[in-house]
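Trainee: Handing you a structure now.
The values are calculated or read from the model by the stated rules, or taken from the named source; none is laboratory data. Computed from a predicted model, the values in this text were never measured in an experiment. Cβ: placed from backbone, ideal geometry, glycine included. Neighbour counts: every protein chain shown. Each accessible area value is taken on the protein alone, full model and side chains, heavy atoms only, with ligands, DNA and RNA left out. Shrake-Rupley method; radii C 1.70, N 1.55, O 1.52, S 1.80 Å.
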Amino acid sequence: QLQLVESGGGLVQPGGSLRLSCAASGFTLDYYAIGWFRQAPGKEREEVLCISSSGGSSNYADSVKGRFTISRDNAKNTVYLQMNSLKPEDTAVYYCAAVQDLYCPRGPYDYWGQGTQVTVSS
């Protein structure tokens, strides 16, 4: 019933840009904090960015600072991840996750999407 669906992934050259979308169905995102995660081959899943219900963001990965931006459009019930200056090491499956909280959570998220593949290669 409650679903998150990621889209926008694909193959992009180094230095290029992609915008990922996380669309919610079965609930509205207005009162949820949303996190973007990624999992590269052979590595553990890591949280990249989180956006609170009020729109404030938190960055958890130094490697993406200045390159990735999280935003939300509550009217479209969608959260975005804008990725610029992409590097091969950004290659991963990207996931969004949600928790009904005012702030970015200290604990686990409750709902997860199935992920979208991002491949950065020449």
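Trainee: Which condition number does VAL99 fail, the rest of (1) under 28 Å from GLY15 (Cβ atoms); (2) among the β-branched types (Val, Ile, Thr); (3) more than 10 Å from the chain's Cα centre (by Cα) being met?
Mentor: Against the list (1) under 28 Å from GLY15 (Cβ atoms); (2) among the β-branched types (Val, Ile, Thr); (3) more than 10 Å from the chain's Cα centre (by Cα), VAL99 comes up short only on (1).
Trainee: A further question on this structure: Has segment 92-101 got at least one residue that is of a type in the set (D, E, K, R) and at pLDDT 95 or above? Walk me through it before giving the result.
Mentor: Initial filter on segment 92-101 (of a type in the set (D, E, K, R)): 101.
From what is left, the residues that are at pLDDT 95 or above are none.
No: segment 92-101 contains no residue that is of a type in the set (D, E, K, R) and at pLDDT 95 or above.
Trainee: Go through the residues of segment 24-41 one by one and say whether even a single one is closer than 23 Å to GLY10 by Cα and part of a loop (DSSP other than H, G, I, E, B).
Mentor: Yes.
Trainee: Moving on. Does VAL48 meet the test of being out of contact with any His (no Cβ under 9 Å at 6 or more places or on another chain), under 16 Å from LYS87 (Cα atoms) and surrounded by 21 or more Cβ atoms within 10 Å (Cβ to Cβ)? Explain how you work it out, then say what you get.
Mentor: Values: out of contact with any His (no Cβ under 9 Å at 6 or more places or on another chain): yes; under 16 Å from LYS87 (Cα atoms): yes; surrounded by 21 or more Cβ atoms within 10 Å (Cβ to Cβ): yes.
Yes, satisfied.
So that you can scan it fast, the table gives a plain yes or no per residue for (1) under 14 Å from the mean Cα position of the chain (by Cα); (2) farther than 13 Å from VAL93 by Cβ:
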site: LEU2; (1), (2): no, yes
site: VAL12; (1), (2): no, yes
site: GLY15; (1), (2): no, yes
site: LEU18; (1), (2): yes, yes
site: TYR31; (1), (2): no, yes
site: PHE37; (1), (2): yes, no
site: SER54; (1), (2): no, yes
site: ALA61; (1), (2): yes, yes
site: PHE68; (1), (2): yes, yes
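Trainee: Related question: Which residue pairs have Cβ atoms closer than 8 Å, lie 6 or more positions apart in sequence or on different chains, and pair a first residue in segment 13-25 that is within 15 Å of GLN117 (Cα to Cα) with a second residue that is modelled with pLDDT under 95 and in a loop (DSSP other than H, G, I, E, B)?
Mentor: Here the result reads GLN13/SER122, each pair linking segment 13-25 to a residue that is modelled with pLDDT under 95 and in a loop (DSSP other than H, G, I, E, B).
Trainee: Quick one: in segment 111-122, which of the residues that are assigned to a strand (DSSP E or B) and of a type outside the set (S, T, N, Q) is surrounded by the most Cβ atoms within 10 Å (Cβ to Cβ)? Please lay out each step first, then the result.
Mentor: Residues of segment 111-122 assigned to a strand (DSSP E or B): 111-112, 116-120.
Checking the rest, the ones that are also of a type outside the set (S, T, N, Q) come to 111-112, 118, 120.
On the way: TYR111: 17, TRP112: 16, VAL118: 23, VAL120: 19.
Restricting to residues being assigned to a strand (DSSP E or B) and of a type outside the set (S, T, N, Q), the top hit is VAL118.
Trainee: Let me ask you something else. Tell me which residues, restricted to segment 75-85, are more than 17 Å from SER7 (Cα to Cα) and either in contact (Cβ under 8 Å) with a residue 12 or more places away in the chain or in contact with a Leu (Cβ under 7 Å, 6 or more places away or on another chain) (or both). If you could, list the steps in order and put the result at the bottom.
Mentor: Restricting attention to segment 75-85, the residues satisfying the condition of being more than 17 Å from SER7 (Cα to Cα) are 75, 85.
Passing the criteria: only SER85.
Trainee: Suppose we filter VAL5, VAL79 for residues that are closer than 15 Å to GLY113 by Cα, open to solvent by 70 Å² or more (accessible area, probe 1.4 Å) and aliphatic (A, V, I, L, M); which single one remains? I'd like the intermediate steps shown before the answer.
Mentor: Details: VAL79 fails: open to solvent by 70 Å² or more (accessible area, probe 1.4 Å).
Selected residue: VAL5, the only one of VAL5, VAL79 that is closer than 15 Å to GLY113 by Cα, open to solvent by 70 Å² or more (accessible area, probe 1.4 Å) and aliphatic (A, V, I, L, M).
Trainee: Looking at segment 94-109, which of the residues that are closer than 19 Å to GLU6 by Cβ and of a type in the set (A, V, I, L, M) is most open to solvent (accessible area, probe 1.4 Å)?
Mentor: The selected residue is VAL99.
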